[in-house]
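Visitor: This is the structure I want to talk about, given as C-alpha cells.
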Amino acid sequence: MTPAQPIPVTIVTGFLGAGKTTLLRSLVQRRQTRRLALLINEFGEATIDGDLMRASSDDAEQVRIHDFSYGLIAYGDDDRFVPTMLALAARRAQVDHVLIETSGLALPTAVMESLQTPELAGHFILDATLAVVDTPLLLDDRFAKGSSTDDAVADMFNRQLEFADVVVLNKIDDLGEEQLLDAEQRVRSCAPNVRFLELAYKAQLDIRLALGLRLHQPTLQAHQHTYTHVRMPGADASVLADQGRLNGHAHSGLGAHSHGLATHRHFHEQDPGWLSFTLRSQSPQPADKLKLAIAEAAKSEPILRTKGFVRTLEGKRPQLVQGVRTRVTINLDAADAANAAANEARDTDKSELVFIGYHPSRSKVAALLSELTGTHWK
C-alpha cells in the first residue's frame, strides 16, 4: 500500500500590522478547490483576525479555522499545537493544505522545528515560509535600530525575514519602480538568503505563488510555474530589464532547501517587554475623535499595533479598527459584508480595542482615549 503523502504546510510570518490576515483572506477567497485548514495566532486575548477570516470564507467545510490566542504558536508553553495538527492529520482526506499565521511577535522557527519532530514529520511537510512586509514602513526606516523600542522591533523584523523562503512586499499600490527596487535591496541586506520576492498589489497574491511551492521537498520533484511578470505601476511603467530581481519562480532544478534548523533547537523566548492589553467602552464612539485618539496614543506610548471593533455614533454595526503605529483606519462602510458577518456574534453595544507595543502603559492609553473621545475607556 502506498503511504499517504504528507500534508503541505505554509507558514505566514511578518511583523505587527504587515497585512498577514488580509493577504490570507485573499488566498482563501482564491483557493479554488483546495480544502484548507488555517491556524491563526494572535498576541492578545481577543481573536480579531480569526473572526475576519471566518467572515471571508464562504464554506466552513472547505476552510476550517483554529484560533490560537495569547501569543506564541508551537513555542514551549503551547500545548495545543501538536494535538491540533494530529487532529488534522487524522482527517487528511479532507485537508489539502495547512496555513499557519504566526503572531507578529513570533518567529516561524518554532513551527518549523515542530514539523520536524517524530510526532509530526510523517504527516506534514513544510511547503514554504512567507514573510509579509509593510513596505512603506520599511522604506521609512521604521525597522531600523535606534531606541530600545526600535531595537526590539528591528531584531524581531530581521529574524522573521532571516527564516523566510519568500518575502511578500505588501501595501505597495502607491509605490513606484524605484521604491520597489529600494525595498528589495533593503530586504536583501537584512536577509540575503531569502529565495524569492513577490509583489502583493491590493494585498493579493496569486495562489500559485503562495501554495504548492515545494521548497522543502527532501528530493527534487518536477514542478514548474507559469509566471506572468508583474508590471510596475504608472503610465510609463515597463517590465524590469532584469526580471530575475523580482521573479521568484524560474526555479526548477533547485535542490532541497534547509535553514539549518539544527542550530535553532531551542524555542525562542519571548521578550517580556512586548505587551498586549484590551480596552473596552460601553459608549458609542465619535469615529473621527477615536481615530485621532488612537494615533495620539501611538505617539505618546510605544504602541505599534491596534485592532478591534468599535460601535460608532455614525453606524449601527460595530466597525473594524486597524492601526499600525499612527496610521489608523475605521471602516464605516455598513455594506462591508466581511465586517458585518464578523460582528454578528459580537456584543454590538460594546467597543473593544487590542493594543500591542513595547512597554506600553495601559492606564495612560485608557486615560488618553477617554479624554480625547469624551467617553469612558477601561
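Visitor: Between E314 and R91, what is the label-point separation in nm under the 7 Å Cα-to-beta-carbon projection?
Guide: Distance between label points: 4.1 nm.
Visitor: Another question, then. Any idea how far apart T33 and L139 come out in nm if each label point goes 7 Å out from Cα toward Cβ?
Guide: Calculated label separation equals 4.1 nm.
Visitor: May I ask you to derive the FRET efficiency for S189 and T117 from their Cβ-Cβ distance with R0 = 30 Å, giving the value to the nearest 0.05?
Guide: Working: r = 33 Å, r/R0 = 1.11.
It comes to 0.35.
Visitor: Further, regarding this structure: Quick query: amide H of L313 versus all other amide H atoms, modeled in the peptide plane; which residues come in under 5 Å with a sequence gap of 5 or more or a different chain?
Guide: Here Q285, A287 satisfy the definition.
Visitor: Follow-up. Hey, can you grab everything whose amide H is under 5 Å from the amide H of W377? Only 5+ residues off in sequence or another chain; H modelled, so Pro and N-termini drop out.
Guide: When sequence neighbours closer than 5 places are left aside, the close amide H contacts are S370.
Visitor: Label segment 79-143 by shape, choosing from rounded, prolate and oblate, from the square roots a ≥ b ≥ c of the eigenvalues of the Cα gyration tensor; if a/c is under 1.5 it is rounded, and otherwise prolate applies when a/b is larger than b/c, oblate when it is not. The partial results should precede the final answer.
Guide: Values: a/c = 2.93, a/b = 2.34, b/c = 1.25.
Prolate, because a/c is 1.5 or more and a/b exceeds b/c.
Visitor: Would you kindly state how much longer the chain becomes between E371 and D173 on full extension, computed as 0.36 nm times their sequence separation minus their alpha carbon distance, in nm to one decimal? It would help to have the intermediate numbers written out before the result.
Guide: On the way: separation 198, 0.36 × 198 = 71.28 nm, distance 3.55 nm.
Result: 67.7 nm gained on full extension.
Visitor: Also, I was wondering about something else. How about K289: which lysines have a C-alpha closer than 29 Å to its C-alpha, ignoring those fewer than 8 places off in the same chain?
Guide: K20, K171, K202, K299, K307, K316, K350, K364, K378
Visitor: Residue by residue through segment 273-282, what is 3J(HN,Hα) from phi via Karplus (6.51 cos²θ - 1.76 cosθ + 1.60, θ = phi - 60°)? Round to whole Hz and write x for glycine and proline.
Guide: Computed from phi, the couplings for segment 273-282 are x, 6, 10, 10, 9, 10, 10, 9, 9, 8 Hz.
Visitor: From the phi of every residue in segment 174-181, what ³J(HN,Hα) in whole Hz does the Karplus formula 6.51 cos²θ - 1.76 cosθ + 1.60 yield, where θ is phi - 60° and glycine or proline is x?
Guide: Computed from phi, the couplings for segment 174-181 are 9, 9, x, 4, 4, 5, 5, 5 Hz.
Visitor: Relative to a virtual label point 7 Å from the Cα of R280 in the Cα→beta-carbon direction, which members of segment 288-318 show backbone nitrogen distances below 16 Å?
Guide: So the set is 308-311, 318.
Visitor: Another question, then. Which listed residue (A154, V132, V98) has the Cα farthest towards the positive end of the charge dipole for segment 87-218, taking +1 on Lys and Arg C-beta and -1 on Asp and Glu C-beta about the Cα centre?
Guide: The residue sitting farthest along the positive end of the dipole is V98.
Visitor: Using modelled backbone amide H atoms (1.01 Å from N, in-plane), which distant-in-sequence or interchain residues come within less than 5 Å of G308's amide H?
Guide: Here V321, V354 satisfy the definition.
Visitor: Modelling each spin label as a point 7 Å along the Cα-to-Cβ direction, I'd like the R208/D150 distance in nm, to one decimal.
Guide: Result: 4.3 nm between the two label points.
Read the figures in this text as sums done on the coordinates, not as results from a lab. Since we're looking at a predicted model, the values are computed, not measured. Glycine also receives a Cβ, built like all others from the backbone with ideal geometry; neighbour counts cover every protein chain displayed.
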